[in-house]
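Step one of this worksheet: look at the structure below.
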Amino acid sequence: MGGEYYCYSSDITCSFPVNGKFTADQRAIYEAVLKSSRAVMAAIKPGVKWTDMHRLADRVHLEELLKMGILRGSVEEMLKVHLGSVFMPHGLGHLLGIDVHDVGGYPE
């Protein structure tokens, strides 16, 4: 989904099961993403850096994948090697601009 307003574009990515019902694995991933989203929404405020919110989302995703048994090891070590980019390659959402995928500011 997306919208455009005076040539500025946006993009909202949504996933849902075709048959209307999550499998257990699908629900676990959905809940992990929801938990991450809620953590960012609770922490965001004026003056907070986008990169800090990206790292918060990354941490929550990795912690949840660890709990599910999809990953093993130390979340701190995973963060150091940017393992979260395997699961969230776009970062914490697309940047907005004249094109939906305008460049800028992605964490290393």
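The values are calculated or read from the model by the stated rules, or taken from the named source; none is laboratory data. All values derive from a computational prediction rather than experimental measurement. Ligands, DNA and RNA are stripped out before the accessible areas are found, and what is left, the full protein with its side chains, is counted by its heavy atoms. Shrake-Rupley method; radii C 1.70, N 1.55, O 1.52, S 1.80 Å.
Between residue 79 and residue 18, residue separation times 0.36 nm minus the direct Cα-Cα distance comes to 18.7 nm. Just the number, please: carbon plus sulfur as a percent of the accessible area of the stretch 1-100, 1.4 Å probe, no ligands or DNA/RNA counted. On the stretch 1-100, the fraction of accessible area on carbon and sulfur atoms equals 60 percent. Can you tell me how the stretch 25-84 classifies by the Cα gyration tensor, rounded, prolate or oblate, using a/c under 1.5 as the rounded cut? Oblate shape, in that a/c is at least 1.5 and b/c is the bigger or equal ratio.
Expressed in nm to one decimal, what extension gain is obtained for the pair residue 6 and residue 87 from 0.36 nm per residue of sequence separation less their Cα-Cα distance? Difference between extended and current length: 25.9 nm.
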